[in-house]
Each structure stands twice: as structure tokens, then as C-alpha cells.
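A.B. asks: If you scroll down you'll find the structure; I have some questions about it.
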Amino acid sequence: MSLLALDRLSVTLQGRTILSEVSLSLAPGEILGLVGESGSGKSMTALAVMGLLPEGARVTGSVRLDGREVLGLPEAALNRLRGAEAGMIFQEPMTALNPLMSIGDQVAEVLRIHGRMGRAAALEVARERLDRVGLTAPRFPLSLYPHELSGGQRQRVAIALAIALRPKLLIADEPTTALDVTTQAEVLRLIAGLARDEGMGLMLITHDLAVVAGMADRVAVMQGGRIVETAPTEALFRAPRAPYTHDLLRAATHRPGRVSQGEYLNQEETHAVSSWQKYSKSDDAPLLTVENATRIYRLPRPSAFAPHSELRAVDGVSFTLQPGESLGLVGESGCGKSTLTGAILGLDALQGGAIRLGNHAVGPKMPRAARADVQIVFQDPYGSFNPRQRVERLVAEPFHLTGRPADWRARVAEALREVGLDPADGRRFIHEFSGGQRQRLAIARALIIRPKLIVLDEAVSALDVRVRAQVLDLLAELQARHGLAYLFISHDLSVVHAVTSRCLIMQAGRIVEDGPTEAIFTNPRHDYTRRLLAATPRIPAGWIPKEEPAS
């Protein structure tokens, strides 16, 4: 008997069909990967199972959990089901955690709400659950608050909340999208181990097909609110039946400008030189020079009379970036990437060393005209735009550095065309665009004043595989057209491997390895680099189909 059974589940919202006759099953102890593009219906399927659909949604079909029909249950019954029978891990743990409550009280609250025990006993169980997810005493006391934890640690608290009552079903909705590779590997091992050890059924929702390849027993592929294919994992990867599944798998290993997938995924294929490399002008003077850059933070005293300690966030970093070059900067969360980026953008002052952009010293007092030579594309484009302004004004924002020209609207229209959007889109607001379109708008904004260097800070990490491939192709085209240099900051090593010609590996404020990207990925010299590569999810060699599926 299935633990979870969906039979012709359909959901309409405001007259729009969101899910259409979705049928799925999940057995106890099984891991099911649910994949598809943004908007395909993955998260809506999970919300239907949990009884969390938006108000006004009309639902037909059946959702049975351990033999019991979920659809139509009154809210009181759903409240008893959530947490006790089914737990859910969300993508962003800070949205699931209460910033005003300690982590111990939050886990204990789940137990108390369900009437299992009093506060003292609930805190004892909370301690056990937090220990179970790796937040062990005494390093992680129950009195800690979410803001005192890293992203990976907060996600562990969210997992402890989801498993507090030992549910039979665990739904993990993009649980590691924002985490670096080593933290992601730890969290994924934890989730898979919990499912196996506790006999829970696990529905893993993700756009990362490499994660699915390494974890799932079966895979269900969604497109446009429908299930287009379901199969055991290896069978689906090796021989997809649906053209859409085939396209997703090819996009997952897409490498702009390469004629092969490269050794990283297929050892039988020979290496090809990336088109990203050929725009580098190594004989020119460096565009960016970072020399012995040092940034130190003074930490609070642990006690009233103890001395201050220091954190060397950036510790003697040196490197150069040539015009037209694509340089990757990789490292775990907290390694100093963001601090170094702030210094390169002239936002933070160094306490030692120097940074030069062309002929200008970089720093908070650098000339505005010099700042125009470097622009940034952030991970979350929606958070970096003013939602109250129209797109044409948002894209024109960098003109404050150079002065707004008389033909600024024509320049905006040109920038929109260059990133594959319509000039008429300038009259719309940012909420009217998809995630991939918003990232194109962020690129247009960075491009509008013709910078020499664009910093891409996790610019494609939140995008699904097909949109990510499109954005990476766009960046390659823009680099070819304008001779741009890119500093590509990412925790996704597969993306860095695909789009950069040279790579820096950063650990604890220092650059521990610097060299051609292909050489670092095929023959890493530093133990830390080897650890990063070992933690990176990979689609096994030979699993990606080369031909179109049979029609």
C-alpha cells in the first residue's frame, strides 16, 4: 500500500488551471524526486498534500495519506495532520523560523501544540531532535536564536521542526538551493538518512537534476501542471520518453560555447576549449588588480573583561583579472567572498593592501565615473529592484554615475533588446516578470552604461535548468559582443566549470588555489578544492542521452 497516493488531482485558482489530473504515489521509505521548471506545479502539489492551498482554490481528485483522504478535511483535522503525519521543509528557513523565539522553544512548540507533553519534557525532546540533525550540545544550546546561526544551521533547525513528531511523510521543497556545496551535501545526506532510518517517505522537490540523480529512487517530471513522465531514476536519465524530460536533462549539462560535455560529466568525450576563454586579452594590462587585500572585523568580547578577538574575513588576497576574461570565485559560505566583492565594488574600505580598476584606486572615495566601469548582478533580482518603479527607470538607474543622457529611453530600449526582451517591457513593473526575465532585466541594468567588468553574484543559482542555460548563453553572447570581463561568484561548481576560463578557490579569507578552470576541476592541488569537488552533486557519466527521444 502506498504511503501517499494522488489520483487525478486538479487545482484551479481564479479561473486558471494550476494542476491538471496529477497522479503520483510514494511508498514508505522511498525517495521520490519531483522535478520541472519554475511554475510547473511542483510546489503547488506539495501544498495540496499539506492542505495549504491558497484561499479560493478549487480542488478535485484525491490525495490519500496513509489511506486517509486529505482533501475536504476540516482545518482542525488538517492541523493535527501537519507535523504529526506529514512534515515539510521549505526553501528559505528564515521564512519558516520565528526570529523572536529560541531554536529550542520553536522545536518544543511543535510538540506542545500537538498536546504530546509539557514544556520541560518538550525541551528534552527538542534537544534530542536538534542533536539528530547535527546541532549538538554544548555548541548549539537551545537558547540560540535563528540570526545567530548560518544558513546551513538554520536549515537544520527547519528539518528538526519538520521531523519533531516523526511524521510518515517528509516533503523537502528546494531545501538546499541557497547553500554552498559542502553544506548542501551535509543537509542532503541528513535528509536522506532520516528518510531511510525513520522509514519516512520523502518527496524531494528540486530543479537540480544532479541532486535527484544521487538521491531519488524514482523521478516524476512536471510540465505545465501535469506529470509528463515517471520512472526509476537511472532509467529516466538514460532513456527519457518525453521530449520535455530530454530537454531538461540536456539543459542540466549545458555548457555555453562547448562542443562536448567535457570530462566532468563524460570521460569518453574529449575536452573542448570554452568560447568564454577566447575573449581574454592576456597581453593587455590587467583590468582589475587585487594586491594583498585585507579586511579585518573586530568581534564582540565573549565576556566583560575578555579581550576583543578578530576575524580576518579577507586575509592577504592577491589576483588579477584581464579585460574580457571570465574568472570564477568559489568557496563555502563565510569564506570571505562577499566581503571581497564589497571591496572590489568600492563599498568597503580595506585595512591593508590595494585594489585597482584600470588606472583608478578602488575604495569608498573613488570617482563616480570610475564606478561606472564595474556593475553587479545579484542573486535575487526582485530584491534588488524597486517594485514601485517601472522597468525603464530601473534599468536606467546606473546613469546616476555618468549623468542621464537625453536619449536615455532609447538606450534602455537597446539594453532590453540586447537581453532578449521587448522595449515595450519598459512600461511594466518588476512583479509582472518571471524569475528568468527579472535576471535578464538585472543584466540589462548592469549593461546600460557599458561597464568593463560585471560581477555576477550567484546570478543563476535560483533559476531552473532551462532558464539557467538561457541566461548563461546570453552572458556568453554579451561578452563576445562587448568584450566584457566577468567575475563569477558562485557555490555551484558545475556552473563555474561551464562558464569560466580561470578559477579562484577561497577558504577562510585566503585564496588557496588559482589556475585554469579545467585544470582545477580535473587535477585539483589543494585538499580543500578536492573536498569541494567531492561534495558537488554530479549526474553519473553516461546517464545523459545524446539523441532525441523516440517519438
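The values are calculated or read from the model by the stated rules, or taken from the named source; none is laboratory data. Remember, predicted model here, so these are calculated numbers, not experimental data. Note that we place each Cβ from the backbone using ideal geometry, even for glycine, and neighbour counts take in every protein chain shown. When the accessible area is computed, the model is the full protein with side chains, heavy atoms only, and any ligands, DNA or RNA have been set aside. Shrake-Rupley method; radii C 1.70, N 1.55, O 1.52, S 1.80 Å.
A.B. asks: So His114 fits all but one of (1) surrounded by 15 or more Cβ atoms within 10 Å (Cβ to Cβ); (2) over 22 Å from the mean Cα position of the chain (by Cα); (3) at positive phi; what number is the exception?
C.D. replies: Failing condition for His114: (3).
A.B. asks: Here is a further query. Evaluate the following for Glu291: is it more than 30 Å from Ile31 (Cα to Cα), acidic (Asp, Glu) and at pLDDT 95 or above?
C.D. replies: yes
A.B. asks: Looking at this structure, is Arg356 at pLDDT 90 or above, farther than 28 Å from Ala535 by Cα, of a type outside the set (A, V, I, L, M, F, W, C) and part of a strand (DSSP E or B)?
C.D. replies: Criteria met by Arg356.
A.B. asks: Of the residues in the stretch 438-460, how many are free of Cβ contacts under 8 Å to residues at least 60 places away in the same chain and in contact with a Leu (Cβ under 7 Å, 6 or more places away or on another chain)?
C.D. replies: 3
A.B. asks: Then there's this: May I ask you to list the residues in the stretch 360-397 that are farther than 22 Å from Ala413 by Cβ and polar (S, T, N, Q)?
C.D. replies: Within the stretch 360-397, just Gln379 meets the criteria.
A.B. asks: If the Cβ limit is 7 Å and pairs must be 6+ apart or interchain, which residue in the stretch 215-237 that is over 18 Å from Ser20 (Cα atoms) and free of Cβ contacts under 8 Å to residues at least 12 places away in the same chain pairs with which residue that is of a type in the set (Lys, Arg) and open to solvent by less than 40 Å² (accessible area, probe 1.4 Å)?
C.D. replies: none
A.B. asks: For the stretch 208-253, name all the residues that are open to solvent by less than 30 Å² (accessible area, probe 1.4 Å) and in a loop (DSSP other than H, G, I, E, B).
C.D. replies: Ala216, Gly225, Pro240, Ala242, Thr253
A.B. asks: Which one is nearest to Gly435 (Cα to Cα) among residues in the stretch 373-393 that are in contact with a Ser or Thr (Cβ under 9 Å, 6 or more places away or on another chain) and either surrounded by fewer than 16 Cβ atoms within 10 Å (Cβ to Cβ) or of a type in the set (A, V, I, L, M) (or both)?
C.D. replies: Val377
A.B. asks: Can you find even one residue in the stretch 159-179 that is of a type outside the set (A, V, I, L, M), open to solvent by less than 10 Å² (accessible area, probe 1.4 Å) and not in a loop (DSSP other than H, G, I, E, B)?
C.D. replies: The answer is no; no qualifying residue exists.
A.B. asks: Which one is surrounded by the fewest Cβ atoms within 10 Å (Cβ to Cβ), of the residues in the stretch 117-129 that are of a type in the set (A, V, I, L, M) and free of Cβ contacts under 8 Å to residues at least 24 places away in the same chain?
C.D. replies: Checked the stretch 117-129; the qualifying residue surrounded by the fewest Cβ atoms within 10 Å (Cβ to Cβ) is Ala120.
A.B. asks: Taking the residues in the stretch 130-144 that are buried (at least 16 other Cβ atoms within 10 Å of the Cβ) and outside any helix (DSSP H, G or I) as candidates, determine which candidate is farthest from the chain's Cα centre (by Cα).
C.D. replies: Leu142
A.B. asks: Listed residues Ala313, Ala370, Ala410; which is crowded, with 16+ Cβ neighbours inside 10 Å and assigned to a helix (DSSP H, G or I)?
C.D. replies: Ala370
A.B. asks: Kindly establish whether Ala480 is touching a residue at least 12 places away in the same chain (Cβ under 8 Å) and buried (at least 22 other Cβ atoms within 10 Å of the Cβ).
C.D. replies: Against the criterion (touching a residue at least 12 places away in the same chain (Cβ under 8 Å) and buried (at least 22 other Cβ atoms within 10 Å of the Cβ)), Ala480 does not qualify.
A.B. asks: Give Leu24, Leu19 a once-over and let me know the one that is open to solvent by less than 10 Å² (accessible area, probe 1.4 Å) and either in a strand (DSSP E or B) or not hydrophobic (A, V, I, L, M, F, W, C) (or both).
C.D. replies: Sole residue among the options that is open to solvent by less than 10 Å² (accessible area, probe 1.4 Å) and either in a strand (DSSP E or B) or not hydrophobic (A, V, I, L, M, F, W, C) (or both): Leu19.
A.B. asks: Shifting gears a bit: Could you say whether any residue in the stretch 269-285 is more than 30 Å from Tyr486 (Cα to Cα) and modelled with pLDDT under 95?
C.D. replies: No, there is no match, as no residue in the stretch 269-285 is more than 30 Å from Tyr486 (Cα to Cα) and modelled with pLDDT under 95.
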